[in-house]
Amino acid sequence: MNDYERLLASLSHFEQQAGQKPLTLGEALDSLHGAAYALISLMLIIPLFQPVPLGPMTVLAGLTFSFLGWQMWRGRVSPALPRAMRELALSQETWRLIGQGCLKIVSFCHKFTKPRLYGLVEGRQGQRIGGMILMMAGALMAIPFGILPFNNTLPGLAILFFCLADMESDGLMTLIAFGWILVTILYFAAFFVALYFLGTEVLEVLKI
């Protein structure tokens, strides 16, 4: 069973378990028995692909990804989640939506991903690069923008392409992940520049 099949089978199992009682992320993670960082990151990033800010949830998720990235950078084989994230309980409907989202994204992306540029994804160097992506994207996501659209989606795309890179040993996806980090930095910088020169006018526009 490859990573994609394992992920979808796990999500289907989680949905069934959540039908009996809400299933926490910690319980789900424990049942994965040391699954790769990419599987866990993909499972966590799907609910964040929304154009509107998610408030404290975005900050918590960003810190979680940074924590996962730090573990990956350090070379830890089996990732762990912070307590607050482990105790987050998700309903059966939420697990179903996560499963559907993963299926759609994986089915589409699988058409153009393939093993290449191995130096960016394999071995200790690939692990460090992947950890760097998670730490940078997580840190950007954790910046507490209360009203800025896409503040969770743009760094989330960097995490998504990291997942694809890791699952498919596709170094090109790693480069694209860094590209999304750069886009996110430029987007946030443009917001701060506009806020500096236009002040409250920018905030009024974002409220519309």
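The values are calculated or read from the model by the stated rules, or taken from the named source; none is laboratory data. This structure is a prediction, so every number in the text was calculated from the model and none was measured. Cβ coordinates were reconstructed from backbone atoms using ideal geometry, including for glycine residues, and neighbour counts include every protein chain displayed.
Figures for the structure shown
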quantity: Residue match in region 9-20 (condition: modelled with pLDDT of 80 or more, surrounded by 15 or more Cβ atoms within 10 Å (Cβ to Cβ) and in contact with a Lys or Arg (Cβ under 7 Å, 6 or more places away or on another chain)); calculated: no
quantity: Single unsatisfied condition, residue 107 versus (1) crowded, with 20+ Cβ neighbours inside 10 Å; (2) farther than 29 Å from residue 188 by Cβ; calculated: (1)
quantity: Residue count for region 132-152, restricted to those that are part of a helix (DSSP H, G or I) and either out of contact with any Leu (no Cβ under 7 Å at 6 or more places or on another chain) or farther than 25 Å from residue 57 by Cα (or both); calculated: 8
quantity: Entirely in region 42-131, the helices (runs of 4 or more DSSP H) that have 3 or more residues that are out of contact with any helix residue (DSSP H, G or I) (no Cβ under 7 Å at 6 or more places or on another chain); calculated: 56-74, 92-109
quantity: Every pair of residues 6+ apart whose Cβ atoms lie under 8 Å, when the first sits in region 161-180 and is at negative phi while the second is among the polar types (S, T, N, Q) and at pLDDT 95 or above; calculated: 161/174; 162/174; 165/174
quantity: Positions within region 120-146 being in contact with a strand residue (DSSP E or B) (Cβ under 9 Å, 6 or more places away or on another chain) and among the basic types (Lys, Arg), in sequence order; calculated: none
quantity: Hey, residue 145 of a type in the set (Phe, Trp, Tyr) and within 14 Å of the chain's Cα centre (by Cα) or not; calculated: no
quantity: Scan of region 51-94 for residues that are of a type in the set (S, T, N, Q) and at pLDDT below 85, ordered by number; calculated: 58, 78, 91, 92, 94
quantity: Residue selected from region 151-178 under the condition touching a Phe, Trp or Tyr at 6+ places or on another chain (Cβ under 7 Å) and more than 18 Å from residue 37 (Cβ to Cβ), by the criterion modelled with the highest pLDDT; calculated: 154
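Matching residues to (1) surrounded by 20 or more Cβ atoms within 10 Å (Cβ to Cβ); (2) aliphatic (A, V, I, L, M); (3) without any contact (Cβ under 8 Å) to a residue 24 or more places away in the chain:
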position: 77; (1), (2), (3): no, yes, no
position: 101; (1), (2), (3): no, no, no
position: 115; (1), (2), (3): no, no, no
position: 120; (1), (2), (3): yes, yes, no
position: 131; (1), (2), (3): yes, no, no
position: 137; (1), (2), (3): yes, yes, no
